[in-house]
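Note sheet for the following structure.
The values are calculated or read from the model by the stated rules, or taken from the named source; none is laboratory data. Keep in mind it's a predicted model, so treat the numbers as computed, not measured. When we count neighbours, we look across all protein chains shown, and the Cβ atoms used for this are built from the backbone with ideal geometry, even at glycine. Protein only, heavy atoms only, side chains kept; ligands, DNA and RNA dropped before computing areas. Shrake-Rupley method; radii C 1.70, N 1.55, O 1.52, S 1.80 Å.
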Amino acid sequence: ASYSVLNIALDTASTKNLAVFVWNDDLTTTVGEFLRIADVQLESGSVATAFELQSYEESLANCQRFLFVLNNALASSNSAVFGTGLSTSTTAGRPLVFFPVEMRVAPTLTATAGDWQLQVGGGSFPDITTLAINTASRAVAMLTADVAAGLTVGFAVQIRSDGTANRMMFFSAEL
């Protein structure tokens, strides 16, 4: 079956979220039957446009313009490297994280510093004590990653998770 609901007006002046509830009043439904909902498109304005079917890749890229998540659960190991840069002192590194698509605006960062480490060329892995964006554009973020000690000025550093599963770093460019 196909359903269409047209010409509904909503006062969205102060609306931040919109929920759509679908109800099927079929009393003959039995256990094991399913109502499948697909190809739904909400429109802004009074004109319904033709349905736009996006590929998974297009949809993912559109989402990543607003939120890019580094998650070691999706990497080949729990201590995968996510960015490379240089140490600027014995206690600070500046790794770069490149975004897979250009973000809507320069993002903000949400992450727990203690979940991350700097990998130093000599093979040590000092824990990060402070993690923040030093500077960012829509394409790349330079992070400030502070550690207690163990870096050599001008040497390469890489940011990696601490080896524990499900460590995440969120770069948000929300509206």
Exercise. Determine which member of the set 124, 87, 137, 79 is of a type in the set (Ser, Thr, Tyr) and crowded, with 18+ Cβ neighbours inside 10 Å.
Key: 87
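If you take the residues in segment 95-116 that are in a strand (DSSP E or B) and open to solvent by 20 Å² or more (accessible area, probe 1.4 Å), which one is farthest from residue 130 (Cα to Cα)?
Here is the first cut: in segment 95-116, the residues in a strand (DSSP E or B) are 95-98, 108-111, 116.
Next, only the ones that are open to solvent by 20 Å² or more (accessible area, probe 1.4 Å) stay: 96, 98, 108-111.
Working: 96: 15, 98: 20, 108: 15, 109: 12, 110: 12, 111: 10 Å.
Filtering first and then ranking leaves 98.
Could you run through segment 149-168 and say how many residues are assigned to a strand (DSSP E or B) and over 21 Å from residue 91 (Cα atoms)?
Taking segment 149-168 as the starting set, the residues that turn out to be assigned to a strand (DSSP E or B) are 156-161, 168.
Among the residues that remain, those that are also over 21 Å from residue 91 (Cα atoms) are: 168.
Result for segment 149-168: 1.
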Quiz item: Which of (1) within 18 Å of residue 80 (Cα to Cα); (2) open to solvent by 40 Å² or more (accessible area, probe 1.4 Å); (3) touching a Gly at 6+ places or on another chain (Cβ under 9 Å) is the odd one out, the single condition residue 145 does not satisfy?
Solution: (2)
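Name the residues in segment 3-41 that are of a type in the set (Asp, Glu) and either within 28 Å of the chain's Cα centre (by Cα) or surrounded by 10 or more Cβ atoms within 10 Å (Cβ to Cβ) (or both), would you?
39
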Quiz item: without any contact (Cβ under 8 Å) to a residue 24 or more places away in the chain and not charged (D, E, K, R), is that true of residue 90?
Solution: no
Self-check item: Criterion (of a type in the set (A, V, I, L, M), out of contact with any strand residue (DSSP E or B) (no Cβ under 6 Å at 6 or more places or on another chain) and modelled with pLDDT of 80 or more) met by exactly one of 18, 53
Solution: 53
